[in-house]
Amino acid sequence: MDIWFDLKQDVAKQLGVDVLQIEEPDKEGFGDFAFPCFNIAKKKGVPPTEIAEALVRDLKIKNIKEIKVMGPYVNFYIDWKKVSSKILKAVNTKYGTSKEGKGKKIVIDFSSPNIAKPMGVGHLRSTIIGNSLYRIYKSLGYKCIADNHLGDWGTQFGKLITAYKMWGSEKQVKQDPIPELLKLYVRFHDEAITNEDLLEKAREEFKKLEDGNKENMKLWKWFKELSMKEFEKTYERLDIKFDIQNGESFYNKMIREVIEDAFKSNIVKRNPDGSIVISLKKYNMIDLLIQKSDGATLYATRDLATLKYRKKKYKFHKNIYVVGSEQKLHFKQFITAAELLGYEKAEKSIHVNFGLVSLPEGKMSTRKGRVVFLEDLINKAEELAEKLIEEKSPKLEKKKKIAHDVAIAAIIFNDLSTDRTKNIVFEWNRMLSFEGRSGPYVQYTHARASSILKKAKTKPTLKNVKNLETEVETEILKLLAKYPLIVKKSANDYKPHHLALYLFNLANKFNEFYQTTPVIKAENKSLKDARLKLVDSVKIVLNSGLYLLGIEAPEKM
Ligand code: ARG
């Protein structure tokens, strides 16, 4: 149930206008809704203030306490006392969910790290944003397919196999897989600067791999297994699950088809060196290379094959890619190409891009080997969280588990509380702070609400909620009414930060309430009832909202 929308709809209906024309003033004192009279005024050739005056003369809208003309605007003030029980009745564990997505499938391509390399912080962002979108869309009734599109194919495997054959040791790789493989990869790049034969050799090894050479296949499989084991550890810590993890290699066998499709269309070009491109000049983009002169396939070709496969297999409503902004051109190119090849309309595929991460350690690059391992990052967060919990609540049960939840919350919330297109920074103190804009702060607020409810020992009831009337109580009601709207907005914009910021605001208001308003010690029983119900509702919404971000909400902290 979307109460906020219903209220807005009531206003629109009475005015006889479309609901989209009703605005929500963000400045205080201008009411909950506003209707600008400029358009009508222009049509009728009368000053807007006159229109506004005329409009309100006989207007009566249910659940609206006051209607005020303020210049060219009509402002509406909701009667919170009247709607309080409607709002609080709606808040249960299903609040904010909907069936809008019934029968529709959404593929979400996220995380997608590269085999034989450590999962980087860019992949961490993709994992966090993708997982949250997955949960949000699922809660809106969509059937979601979480696809970990692993980078497990491509010329880099020629390089790695070459390096392993020259300098690798099975024992060392077994002992410390990813760092060892990374070392080999880095060494390859270092030596290739002065030894050009290496690149030729790598090309040959990759060709052999593509042709199914046994030895190379075996090495590749082994590298993949080792990497997957490492990735799984991270996914487990973050509580992430995938529905499919085919990886790029799976689509390799469909490449022929893509090339054939391209030749059937009239957008393909063969260069003098034998390479094949899809011409995108008409779309003001550089051509898309789909096959190299030596016949090797590319990332983009595999993405075209993947899109074709997904369309056929899932008939997706939307196909979402959660990948960093640096790949914008790649996505624009192949998504346009996919439409030209007749696979699917470009608008159905969305590149949900995001900015960079800066760590205190500085920027990282795999080739140079200055890599921050995700494992270490999470370890560090846990270590700090454990210290914090030890200081704050030394007697807490299950301290380790809670420290883990707090650490993950810090990392996830730090990411999701910023618009994804912006860069984010890792600042441990701020991320882990129990005050201020952080995951642990929202968790802490949730635990605080839980503890009030536990102490109260009575079941919250709706009976006396008409007693809620202070300013802060009204602000909380208003926020609660907006929750479903925020979830939808986060989905529509593919931006969970709307939800993260909302939860932060709700937590703030709740803490203001907590500090100023006695609940268990309220003046009388009916006031206590009303406030307990409010506390209960805040707890439910914080819990549901945190879940949608991918964050646990412990009862005690
Ligand atoms: N493995 C790629 C990378 O690390 C990301 C893959 C994203 N998904 C896709 N369908 N291209 O850059």
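The residue list 278, 333, 554 was ranked by how far each Cα lies along the charge dipole of the chain toward its positive end, using unit charges on Cβ atoms, and 554 comes out on top.
Using unit Cβ charges (K, R positive; D, E negative) and no other charged atoms, how large, in debye to the nearest 20, is the dipole of region 1-151 about its Cα centre? Could the numbers behind the result be given before it?
Details: 25 positive and 17 negative charges, 124 e Å.
Taking the Cα centre of region 1-151 as origin, the dipole is about 600 debye.
Of all aspartates and glutamates in the structure, those lying under 12 Å Cα to Cα from residue 463, and not within fewer than 8 positions of it along the same chain, are 529.
Using the Cβ-Cβ distance between residue 454 and residue 525 with R0 set to 25 Å, the FRET efficiency from 1/(1 + (r/R0)^6) comes to roughly 0.85.
Built from the Cα atoms of region 451-498, the convex hull projects on average onto 5.0 nm², one quarter of its surface area.
With +1 on the Cβ of every Lys and Arg and -1 on the Cβ of every Asp and Glu, and nothing else charged, how large is the dipole of region 400-540 about its Cα centre, in debye rounded to the nearest 20? Write down the numbers at each step before the final one.
Numbers: 25 positive and 14 negative charges, 123 e Å.
Charge dipole, region 400-540, about its Cα centre: 600 debye, nearest 20.
Among 440, 413, 453, which residue has its Cα furthest toward the positive end of the charge dipole of region 385-460, with +1 on Lys/Arg Cβ and -1 on Asp/Glu Cβ? Farthest towards the positive end: 453.
Dipole size in debye (nearest 20) for the chain around its Cα centre, Lys and Arg Cβ +1, Asp and Glu Cβ -1?
In debye, rounded to 20, the chain gives about 1780.
Measuring nothing but how far apart in sequence close Cα pairs (under 8 Å, 6+ apart) lie, relative to its length, the chain scores a relative contact order of 16 percent.
Which entries of 457/528; 62/539; 27/466; 62/466; 13/62 have Cα-Cα distances beyond 18 Å here?
On the way: 457/528 12 Å; 62/539 29 Å; 27/466 26 Å; 62/466 16 Å; 13/62 11 Å.
Beyond 18 Å: 62/539; 27/466.
What pairs from 229/380; 165/241; 143/328; 315/482 go past 29 Å between their alpha carbons? Cα-Cα > 29 Å for 165/241; 315/482; rest within. Anything over 18 Å Cα to Cα? Flag those among 207/311; 399/455; 89/509; 60/478; 86/454; 104/345, in the order listed. From 207/311; 399/455; 89/509; 60/478; 86/454; 104/345, over 18 Å: 207/311; 399/455; 89/509; 60/478; 86/454. Label-to-label distance for residue 53 and residue 396 is 6.1 nm, based on points extended 7 Å past Cα in the beta-carbon direction. Listed by chain and number, the lysines placed with their C-alpha closer than 16 angstrom to that of residue 495 are 138, 318, 422; residues fewer than eight positions away on the same chain are left out. One decimal place: the segment residue 328-residue 211 gains 39.0 nm when fully extended, by the rule 0.36 nm per residue minus the C-alpha distance. For region 458-465, putting each phi into the Karplus relation 6.51 cos²θ - 1.76 cosθ + 1.60 with θ = phi - 60° gives couplings of 10, 7, x, 10, 8, 3, 10, 5 Hz, in residue order, rounded to whole numbers and with x for Gly and Pro.
Here, each number is a calculation from the coordinates, and none is a lab measurement. Just so it is clear, the model here is predicted, and its values are computed rather than measured. Neighbour counts run over all protein chains shown; Cβ positions are idealised from the backbone, glycine included.
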